[in-house]
1. Only counting other Cβ atoms within 10 Å, I'd like CYS34, CYS96 sorted with the fewest neighbours first.
2. Quick one: THR109, THR80, fewest Cβ neighbours within 10 Å first, how do they rank?
3. Measure off 7 Å from each Cα along the Cα-to-Cβ vector at ALA82 and ARG6, then give the distance between these two points in nanometres to one decimal.
4. Among the trypsin sites (Lys or Arg not before Pro) in the stretch 35-95, which ones are in a DSSP loop with at most 15 other Cβ atoms within 10 Å of the Cβ? Mind listing them?
5. With all pairs of different alpha carbon atoms counted, what Kirkwood hydrodynamic radius in Å does the stretch 3-111 show?
6. Please give the helix 3-22 orientation as an angle from the longest Cα principal axis of the chain, in degrees from 0 to 90, rounded to the nearest 10.
7. Counting DSSP beta bridges in the chain, what percent are antiparallel, to the nearest 5?
8. For the chain, compute the number of Lys pairs whose alpha carbons are separated by less than 18 Å, excluding pairs fewer than 8 positions apart on the same chain.
Amino acid sequence: MTQNNRATGSYYETKVAAFLEKQGMTILEQNFRCRTGEIDLIARDGSYLVFIEVKFRKSAFAGYALEAIDKRKAARIRKTAAFYLYSHKLPEETPCRFDAAGVDGETITYIKDAF
């Protein structure tokens, strides 16, 4: 990923984070990285720890943003989330949810329990 793509991704992740905070979520981390992968946003929504994948598309030419999250990507995020729980000494029974945010142009589409 080029620095320009990383900056664009970071911009839209911050935009989605602000959107989620207005919905009452608390953002805990942005761009959590480890050997197994990366999670764009980690938030608290009531009793749930929420792992959020953010995708951006400037236009629908390459498809909609949420279409870019496939089974392989979802599996990598779940594995990274397990490491996050372990590394932060959180119990295995911590209620977790995996959400997705797609940004198409300036429109944010948010899906709870996406995968």
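1. Details: CYS34 13, CYS96 17.
Sorted ascending by nearby Cβ count, the order is CYS34, CYS96.
2. On the way: THR109 13, THR80 19.
In order of increasing Cβ crowding within 10 Å: THR109, THR80.
3. Placing both labels 7 Å along Cα→Cβ, they lie 2.8 nm apart.
4. Numbers: sites: ARG35, ARG44, LYS55, ARG57, LYS58, LYS71, ARG72, LYS73, ARG76, ARG78, LYS79, LYS89; in loops: ARG35, LYS58, LYS89.
Passing both the DSSP loop test and the Cβ count: ARG35, LYS58, LYS89.
5. Values: mean 1/r = 0.0701 Å⁻¹.
Final number for the Kirkwood radius of the stretch 3-111 is 14.3 Å.
6. The two axes meet at around 60 degrees.
7. Details: 17 of 26 bridges.
The antiparallel fraction comes to roughly 65 percent.
8. Final tally of qualifying lysine pairs is 11.
Since every read-out is calculated from the coordinates, none of them should be taken as a lab result. These numbers come from a predicted model, not from an experiment. Here Cβ is always computed from backbone atoms with ideal geometry, including for glycine, and neighbour counts include all displayed protein chains.
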